[in-house]
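Data first, discussion second: the structure below is written as structure tokens.
The values are calculated or read from the model by the stated rules, or taken from the named source; none is laboratory data. All figures in this text were calculated on a predicted structure; none of them were measured in a lab. Glycine also receives a Cβ, built like all others from the backbone with ideal geometry; neighbour counts cover every protein chain displayed. These area figures cover heavy atoms from the full protein model, side chains too; ligands, DNA and RNA do not enter into them. Shrake-Rupley method; radii C 1.70, N 1.55, O 1.52, S 1.80 Å.
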Amino acid sequence: MTDYKNLKLIATSNPHIRGSETTRSIMLDVIIAMLPALAFAIFNFGLRALTLTAVSVVGCLFWEWLYRKLMKKPQSIGDLSCVVTGMLLAFVCPVHMPYWMILIGDFFAIIVVKQLFGGIGKNFLNPALAGRAVLLASYAGTMTSWVDPAAGKAPIIGSMADVVTTATPLAVMKTGDFSALTGTYGVSNMFIGQIPGSLGEVSALALLIGGAYLIWRKVINWQTPVSYIATVAVLTFLFPKQGSGLEWMLYSIFGGGLFLGAFFMATDYATSPVTKKGQLIFGIGCGLFTVLIRYFGSYNEGVCYSIMVMNLLVALIDKYTKPTRFGVVKSDKKEAAAK
């Protein structure tokens, strides 16, 4: 006879769906998707792009391990989320940044933004973008100077005194002569990434390959990146500040961190809407804020802050775009919302 009293029964909520995906497998796909951009960064800026990324990854791993060790919590570095954060933070920083400086950004991203709020899935801001924002506020001189890839590579170690720095295309578009920019860099240079800028954001082609891989693997949906890039494209085409609408649009979408932000940061599971309608709204909002910051703000790039602003609105977007539960009529839904 079966001893029913001693049976260990586990009750879980429906639906009971099993899948092969894990946090680790998803993060591994994101890492694979970032490899084309990393490979191009090494080609464009030299081996320091690899060493800076490696230091950032090791820093994120260490800070997460240390925090969870001190707090006596189960270790979570095996899920690879901190590796993704370390790579993304390096990608949005200049290649000549001192190694110790990016470790400070790692600390803020992992400890303050991620772990203090409960760990993966509970942070309300994208950790890498928050880390970049802190570095920009603390070390503005370093964070706003860029290596000219045509003038030589940044050394792996040693003095950066001989490194030639220059303005990014977006900086020239904001305060300089747009015709001089188009004479220096063609659209193909902008698309491929043969321009100054942050380590991993310069090549729209490499990021597009990575983004297409994530969509193909169903790690991300197309709604957020497409609506984000399309919003920036439409606004800059309709309201060019210099030159023709088409030319201004192409330089605007290829000249900064738009593709990196659209495919790898605005699609972060913890800080983006759940519903597809919400993801479209989120992407459009990111695009609007990006253009507004670029056009009317003192900062020439708006991707970082636009995504963080929209991160704060995710709960509101999810609230008003969630689908009606099965069996609930619209009148019941309106009555429930009014209470």
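Out of all the residues in the range 268-275, is one or more open to solvent by less than 20 Å² (accessible area, probe 1.4 Å) and in a helix (DSSP H, G or I)?
Yes, the conditions are met somewhere in the range 268-275.
Residues in the range 182-216 that are in contact (Cβ under 8 Å) with a residue 12 or more places away in the chain and not in a helix (DSSP H, G or I): how many?
Start the filter on the range 182-216 by keeping residues that are in contact (Cβ under 8 Å) with a residue 12 or more places away in the chain, which leaves 182, 185, 187, 190-211, 213-214.
Add one more test, that the residue is not in a helix (DSSP H, G or I), and what stays is 185, 193-203.
Of the residues in the range 182-216, 12 are in contact (Cβ under 8 Å) with a residue 12 or more places away in the chain and not in a helix (DSSP H, G or I).
Looking at Trp222, is it under 18 Å from the mean Cα position of the chain (by Cα), open to solvent by 70 Å² or more (accessible area, probe 1.4 Å) and closer than 28 Å to Asn44 by Cβ?
yes
Determine whether Ser138 is within 27 Å of Ile195 (Cβ to Cβ), open to solvent by 60 Å² or more (accessible area, probe 1.4 Å) and either in contact (Cβ under 8 Å) with a residue 24 or more places away in the chain or within 18 Å of the chain's Cα centre (by Cα) (or both).
So Ser138 fits the description; yes.
Working carefully through the options Lys69, Lys73, find the one that is open to solvent by 30 Å² or more (accessible area, probe 1.4 Å), among the basic types (Lys, Arg), over 16 Å from Leu199 (Cβ atoms) and part of a helix (DSSP H, G or I).
Result: Lys69 is the single residue among Lys69, Lys73 that is open to solvent by 30 Å² or more (accessible area, probe 1.4 Å), among the basic types (Lys, Arg), over 16 Å from Leu199 (Cβ atoms) and part of a helix (DSSP H, G or I).
Being open to solvent by 10 Å² or more (accessible area, probe 1.4 Å) and out of contact with any strand residue (DSSP E or B) (no Cβ under 8 Å at 6 or more places or on another chain) is the filter here, so list the residues in the range 89-99 that pass it.
Across the range 89-99, the qualifying residues are Pro98, Tyr99.
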